[in-house]
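Some notes on the structure that comes next.
Just so you know, all these numbers are worked out from the coordinates, no wet-lab data involved. Since the model is a prediction, treat every value here as computed from it, not as a measurement. Note that each Cβ is placed from the backbone with ideal geometry, even for glycine, and that neighbours are counted across all protein chains shown.
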Amino acid sequence: MSASGVDIDSWRWRLNHACAALGSIKRVVVLDETPSTQDAPETRAAEAGTLVTAWRQTAGRGRFGRQWADTGTEGVAASFVVEAQSSERLAVIGAVAAAEACASLLEALPAEVGIKWPNDTVVAGRKLAGVLIERRGDLAVVGIGINVAQRAFEGELAARATSLAILGTSPNRMDVLLELMRSVDAALDASDAHLVAAFARRDALRGTRALFATPEGPVEGEVVSLEPMRGLVVRTDSGERFLPALTTSVAEWGVSRRVSPESPLKTADSERR
C-alpha cells in the first residue's frame, strides 16, 4: 500500500503480468507520485524494455518545453524506455500507438480518433492524448499521456481538450494502461511502411489550415501533403513550402486569421503529455 492509500502492488503485479504476452515491454515500474514520469530517477536508470508509470503525475511536460496540464489521478502518464532510433520514427510510433489504444477503448462509440501531426491524438478537433520523445544516449523515452476520467477542463483547455469520460466511455486507468502497452508493443515491432499507413488512416491535419511555429518564424497555410517521418508541405500565400518534422510544431489549428511575417512565434526552446 502506498502513502496515498493506493494499492500500488496490485498495479505493479497486473502490469508486469501483462508483459508476458508482449515482445518489447519486459518490465513495469509503478510510482506512487512523481512530477513527471519522463524525469523520474527510475526512468533515467531504466534499461530498454521498461515502462515507468505513476498513480499521480503532478508536473508533466511536452514538446519544446511546454507544460502538460496535469489533473492528478484522472489521466494516464506512461514513459516507455526503448532502444534509440530516429526521433521521427519514434514520434510516429507514439502517435499511432496512442491513437490505436484510444480507438480501441472507444470502439463502441461513434467517435473518430485522429492524429494531428506530429503526434497528438484528437477527437473532433480536441486533444485526447499527447506524446513526447526524448533521446538519452543509446536509449530513448517515449512519453505518452492520455486524458481518461476528466469530466471538464478549465479555461482555454475547455475548447481544446477532451477525455475518454467526456467522449462517453469510462474505462479505469488500468484498462487504459494495458491497452496502451499492447499498442506500443505492436508499434515498436511494426515496419516503417505499416506505421506510415496507420498514421495516414488517422491523419487529421491534411487539407486543413494551420499556423506553424518554425525556427525562422510563423508559417500559415493549408496542409497539402504530409510524410509523418519527414515533415509536411504547406500552401502559403507565397507558394508551397516544406516544413521539416524535427523543427516544426503546430501553434494553432484551423486558423482563419493572417499573421505578420514579423511575428516572434518560433519553436526555439519554447507540448506530451
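Calculate how many DSSP beta bridges within the chain are antiparallel, expressed in % of all such bridges and rounded to the nearest 5.
Antiparallel: roughly 85 percent of the beta bridges in the chain.
From the Cα gyration tensor of segment 131-234, with a ≥ b ≥ c the square roots of its eigenvalues, which class applies: rounded if a/c is under 1.5, or else prolate if a/b is larger than b/c, or else oblate?
Oblate, since a/c reaches 1.5 and b/c is not below a/b.
Antiparallel versus total DSSP beta bridges in segment 79-205: what percent is that, nearest 5? Provide the component values of the computation, followed by the final result.
Numbers: 20 of 22 bridges.
For segment 79-205, the DSSP antiparallel bridge percentage is about 90.
How many times 2.2 N^0.38 Å is the alpha carbon radius of gyration of the chain?
The chain yields a ratio of 0.98.
Compute the Rg to Rh ratio over segment 19-160 from the alpha carbon atoms, using the Kirkwood formula for Rh, and round to two decimal places.
Rg/Rh for segment 19-160 comes to 0.95.
With θ set to phi - 60° and the Karplus curve 6.51 cos²θ - 1.76 cosθ + 1.60, what are the ³J(HN,Hα) couplings of segment 113-123 in order, to the nearest whole Hz, using x for Gly and Pro?
The phi angles translate into 8, x, 10, 9, 3, x, 7, 7, 8, 10, 9 Hz.
Calculate the dipole size of segment 9-52 relative to its Cα centre from +1 charges on Lys and Arg beta carbons and -1 charges on Asp and Glu beta carbons; express the result in debye to the nearest 20.
240 debye
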